[in-house]
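Accompanying notes for the structure given below.
The values are calculated or read from the model by the stated rules, or taken from the named source; none is laboratory data. All values reported here derive from a predicted model rather than from experimental measurement. Positions of Cβ are generated from backbone atoms using ideal geometry, with glycine treated the same way; all protein chains shown enter the neighbour counts.
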Amino acid sequence: MSLRFVFGGSGAGKSTRLYSEIIQRAEEEPERNFLIIVPDQFTMQTQKELVTHPVNKRGGILNIDVLSFSRLSHRIFEEVGKREIPVLDDTGKSLVLRKVAGSLKEELPYLGSNLDKQGYIHEVKSAISEFMQYGVGVEDVQKLMDYAAKKGTLYYKLKNLKV
């Protein structure tokens, strides 16, 4: 298995080239399955483009699957036998965060006073998610707190996020 990058400006023919190549390979290797991973909103459009593509002599895409990132994760969970794992959506994460923040209200002077403001928990959830995504750990937050010690509000927000 290899990884290739196809670069080019908008309208340069990147998608057309990739679709042509995948359709040709799918016809040559009917026993093999091919995956095309696209953002959620483009799955149907991509399927339509593959079926109506000029290179597609079969008029179908029997061994080509067009998947969104979320559908790919569900398929992986099915294959490894982890179907029963619940995945929290943004609302679920916000509810859990609100419950935890509510139980730690005394330790969260800044966050605790803003818990009831509309959208505030969502912003805190986003900050925590970004910290996790970029590998920002408790030690890193502590370093930021040391830097922001004389900056007032920033220090207290970081302290609350650390908790």
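Here are the numbers for this structure:
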{"read-out": "Matching entry among S94, S20 (being more than 24 Å from the chain's Cα centre (by Cα) and in contact (Cβ under 8 Å) with a residue 12 or more places away in the chain)", "value": "S20"}
{"read-out": "Enumeration of residues in region 132-162 that are at pLDDT below 85 and among the β-branched types (V, I, T)", "value": "T153"}
{"read-out": "Among (1) assigned by TED's automatic domain parsing to the domain that holds I36; (2) loosely packed, with under 14 Cβ neighbours inside 10 Å; (3) part of a helix (DSSP H, G or I) - the single one K99 does not satisfy", "value": "(1)"}
{"read-out": "Long-range neighbours under 6 Å by Cβ, at least six apart or interchain, first residue within 18 Å of Q45 (Cβ to Cβ) within region 1-16, second surrounded by 10 or more Cβ atoms within 10 Å (Cβ to Cβ) and not acidic (D, E)", "value": "K14/V6; K14/G8"}
{"read-out": "Filtered residue count, region 132-159, keeping only those that are within 17 Å of V100 (Cβ to Cβ) and touching an Asp or Glu at 6+ places or on another chain (Cβ under 8 Å)", "value": "0"}
{"read-out": "Any chance S129 is over 30 Å from L50 (Cβ atoms), modelled with pLDDT of 85 or more and exposed (fewer than 11 other Cβ atoms within 10 Å of the Cβ)", "value": "no"}
{"read-out": "Cβ-Cβ under 9 Å pairs, at least 6 apart or on other chains, region 66-79 side at negative phi and polar (S, T, N, Q), far side part of a strand (DSSP E or B) and surrounded by 12 or more Cβ atoms within 10 Å (Cβ to Cβ)", "value": "S68/I37; S68/V38"}
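Let's see how each residue does on (1) at pLDDT below 90; (2) over 30 Å from Y155 (Cβ atoms); (3) not assigned by TED's automatic domain parsing to the domain that holds S129:
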site: L3; (1), (2), (3): yes, yes, yes
site: R32; (1), (2), (3): no, yes, yes
site: K48; (1), (2), (3): no, yes, yes
site: V55; (1), (2), (3): yes, yes, yes
site: S94; (1), (2), (3): yes, no, no
site: S103; (1), (2), (3): yes, no, no
